[in-house]
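Participant: Attaching a single structure in structure tokens format; questions to follow.
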Amino acid sequence: MIERNAYIGGCDGVSAVSSAELIGEKPLGTMAHSLMICVGDEKKAFKAFNAAVEPEVRRVALVDTFQDEKFGALTAAEALGQKLYAVRLDTPSSRRGDFLKIMREVRWELDTRGFRDVKIFLSGGLDEYDILRYNSYADAYGVGTAISNAPVVDFAFDIVEVEGQPRAKRGKMSGKKQTFRCPECEARILAPFNDTEILCPCGGTGEPLLTQYIENGEIVKDLQSAQDIRRRVMSEIENRTIEPGA
Ligand SMILES: [Zn+2]
């Protein structure tokens, strides 16, 4: 579910095989440090990966296991030649130093040897702020911890209606409610459940968000695919005019 959420929230792909199956995508990944450690030599490991893995899988060489990233990238280029798709830098934060300078060096060394098309893939404790900082050199990111959990949404179950009669404790608004979304400005509008036409201050007409999906334990409505949800999320982000949290 974490990977499904990452995908519908805008990530391009997921790496766990069963998660990818769940959302109907092909799993994407690079190489593991365990491969380098078991083989004991980066160049041999790159060649072994290249020999064993299906040709349609992109060759993304992990270049920071035993040596400096710059020399690791050149080793990968030597081992795989034009088959090298990207180098992955998974430099731990304890060793990171000036990551922009490390990437600039890697980019420079690859470029001067004719590997301009080789991309740079970053991973290791990255969050959305790092990504903004590193975008000038990095082409792709592997993100885990920063999005594998979310801030808690504070909620509680309260009785607000008894046998059709609005009734709630002090501090709570009584009666069954509907939440409407304005398709124009993304605003959320709370209204009594039986209200059907809700006008947003911006002029848009609110669409109800609460829909019945399960009745007597049976799913009664078609579920959207992860791809459809992701498309909608991306378009909402694209069109978003209000500030997050507003
Ligand atoms: Zn609106």
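Participant: If each of F71 and W108 carries a label point 7 Å out from its Cα toward its Cβ, how far apart are those two points in nm?
Facilitator: Spacing of the two 7 Å Cα→Cβ label points: 1.8 nm.
Participant: What are the principal axis extents of the Cα atoms in segment 161-239, in Å, biggest first?
Facilitator: Answer, in whole Å and largest first: 40, 38, 22 Å.
Participant: Using Cβ counts within 10 Å as a stand-in for footprinting exposure, how do T145, T65 rank, fewest first?
Facilitator: T145, T65
Participant: I'd like the distance separating the alpha-carbon centroids of segment 137-189 and segment 1-46, in whole Å.
Facilitator: 32
Participant: What ranking do V162, V118 get, fewest neighbouring Cβ atoms within 10 angstrom at the top? Don't jump to the answer; show the numbers that get you there.
Facilitator: On the way: V162 10, V118 25.
Result, fewest neighbours first: V162, V118.
Participant: Using alpha carbons only, how many degrees (0 to 90, rounded to 10) separate the axis of helix 42-52 from the longest principal axis of the chain?
Facilitator: 70
Participant: Specify the angular offset, from 0 to 90 degrees and rounded to the nearest 10, of the alpha carbon long axis of helix 226-239 from the longest principal axis of the alpha carbons in the chain.
Facilitator: 80
Participant: Can you give me the distance in nm between label points at I37 and D117, each placed 7 Å from the Cα along the Cα-to-Cβ direction?
Facilitator: Taking the simple label geometry, I37 and D117 are separated by 3.4 nm.
Participant: What length, rounded to one decimal in nm, is gained on full extension from E128 through to R95, with 0.36 nm per residue of separation minus their alpha-carbon distance?
Facilitator: Working: separation 33, 0.36 × 33 = 11.88 nm, distance 2.01 nm.
Full extension from E128 to R95 adds 9.9 nm.
Participant: So for segment 24-95, Kirkwood radius off the Cα pairs, Stokes-Einstein at 25 °C and 0.890 mPa s: how many µm² s⁻¹? Intermediate results must be reported in sequence, preceding the final value.
Facilitator: On the way: Rh = 12.4 Å.
After rounding, the answer is 197 µm²/s.
Participant: Rounded to a whole number, what is D in µm²/s for segment 31-147 from Stokes-Einstein with the Kirkwood radius over alpha-carbon pairs (10 °C, 1.306 mPa s)? Don't jump to the answer; show the numbers that get you there.
Facilitator: Details: Rh = 14.3 Å.
It comes out at roughly 111 µm²/s.
Participant: Follow-up. Please give the calculated 222 nm ellipticity per residue for the chain, where each DSSP H segment of at least 4 residues contributes -39500 (n - 2.57) and the sum is spread over every residue; nearest 500 deg cm²/dmol? If you can, show how the numbers build up before the last one.
Facilitator: Working: 8 runs with 79 residues, N = 246.
Calculated mean residue ellipticity at 222 nm is -9500 deg cm²/dmol.
Participant: Taking each pair of different alpha-carbon atoms in segment 93-246 once, compute 1/r for the pair, average those values, and report the inverse of that mean as the Kirkwood hydrodynamic radius in Å to one decimal.
Facilitator: Values: mean 1/r = 0.0480 Å⁻¹.
By the Kirkwood definition, the hydrodynamic radius is 20.8 Å.
Participant: Right, next: For C38, C185, which order do you get if you count the other beta carbons within 10 Å of each Cβ and list the fewest first? Each step should come with its number before you reach the end.
Facilitator: Values: C38 10, C185 15.
Neighbour counts put them in this order, fewest first: C38, C185.
Participant: What nm value, rounded to one decimal, do you get for the distance between V57 and R188 when each label is placed 7 Å out toward the C-beta?
Facilitator: It is 4.1 nm.
Participant: By how many degrees, 0 to 90 and rounded to 10, does the Cα axis of helix 99-112 deviate from the longest principal axis of the chain?
Facilitator: 50
Taken together, the values in this text are just the output of simple stated rules run on the coordinates, not laboratory data. Please read all numbers here as calculations on a predicted model, not as lab measurements. FYI the Cβ positions are ideal-geometry reconstructions off the backbone, even for glycines, and counts take in every protein chain you see.
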